[in-house]
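Heads up, the thing below is written out as structure tokens.
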Amino acid sequence: KLVGPLHGVVIAVKDQYDTFDMRTTSGADAFYANDRPPQDATFVKRMRDAGAIILAKANLGEYATGTPRSSFGGAFVNPYDTLRSPSGSSSGSGSAVAANLVTAAIAEETTSSIRGPAHWNSAVGIAGTQELVSRAGMIQMGINTRVGPIARTVEDAARILTVIAGFDPRDELTAFAVGRTPDKPYESFT
């Protein structure tokens, strides 16, 4: 029996977002990095409810800097050529998908941290508008941050976006998306 539209899909989440069963470090080797958050970020809960398996946290540039290195997880490289950069703070998400460690990953974009790692790692990234996906449960939630998937295909990325998009009372900005999303799932447009 299928649980939902993401039943059995293995996903990594950028280590900037809370998962109740794994610590959130934001790439920093700090004393609080041993603590696990009490609850999932809103979109993580939506993915779990849809049947996704949250396998791991993806490394990121420390505190979401654009450098593909963190004191907690070390340096990361492009799986296609280890001498090339995987690009941006969501490099771990893009690299995890490119190396086939997961089916998809969740990234965060302030400037080009979804589009860059997707492009440099031969994957697909969707950086929707700010109000489309809740940022609740995120370290350093800013006014310009956006949440989105990185996957191997457009259809896979769109399926994940369908699940994670929507209003969340914990992130007031998502109120602006109410009534502005398509009537059909995003994957129906691929």
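The values are calculated or read from the model by the stated rules, or taken from the named source; none is laboratory data. These numbers come from a predicted model, not from an experiment. Cβ coordinates were reconstructed from backbone atoms using ideal geometry, including for glycine residues, and neighbour counts include every protein chain displayed. Heavy atoms of the whole protein, side chains included, go into the accessibility calculation; ligands, DNA and RNA do not. Shrake-Rupley method; radii C 1.70, N 1.55, O 1.52, S 1.80 Å.
Quick rundown of the values:
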| item | result |
| --- | --- |
| Rel. contact order, % - alpha carbon contacts under 8 angstrom, at least six apart, the stretch 76-145 | 26 percent |
| Hull volume in cubic angstrom per residue (convex hull over the Cα atoms of the chain) | 108 Å³ |
| Isotropic mean projected area of the C-alpha convex hull, the stretch 113-165 (nm²) | 3.6 nm² |
| DSSP bridge orientation in the chain - percent antiparallel, rounded to nearest 5 | 65 percent |
| Share of carbon and sulfur in the accessible heavy-atom surface of the chain [1.4 Å probe, %] | 55 percent |
| Cα-derived Rg over Rh, computed across the stretch 1-54 with Rh taken as Kirkwood radius | 1.05 |
| Contour excess over end-to-end distance, with Cα ends at Ser85 and Ile53 and 0.36 nm allotted per residue | 8.7 nm |
| Computed [θ] at 222 nm, helices only, for the chain once each DSSP H run of length n ≥ 4 contributes -39500 (n - 2.57) | -4500 deg cm²/dmol |
| Extension gain (nm, one decimal) between Lys1 and Ile143, 0.36 nm per residue minus Cα-Cα | 47.1 nm |
| Angstrom value of the Kirkwood radius, inverse mean 1/r, which spans all Cα pairs in the stretch 82-190 | 14.0 Å |
| Relative contact order of the chain, pairs being alpha-carbon contacts under 8 Å that are 6 or more residues apart, as % | 20 percent |
| The stretch 65-117 - convex hull of alpha carbons, volume per residue in Å³ | 75 Å³ |
| FRET efficiency estimate (nearest 0.05) - Cβ-Cβ, His119 to Val154, R0 22 angstrom | 0.95 |
| Reduced Cα scattering model of the stretch 22-82, Debye log10 I(q)/I(0), q = 0.18, 0.30 Å⁻¹ | -0.77, -1.17 |
| Thr190-Thr65 FRET efficiency (beta carbon distance; Förster radius 45 Å; 0.05 resolution) | 0.85 |
| Choice from Thr42, Thr111, Thr103 with maximal GNM fluctuation in the chain (Cα, 10 Å cutoff) | Thr111 |
| Net length gained if the chain between Asp35 and Val10 were fully extended (0.36 nm per residue, minus Cα distance) | 6.6 nm |
| Accessible area per residue, Å², the stretch 32-154 with all protein chains present, probe 1.4 Å | 43 Å² |
| Kirkwood Rh and Cα Rg combined as Rg over Rh, evaluated for the stretch 1-113 | 0.98 |
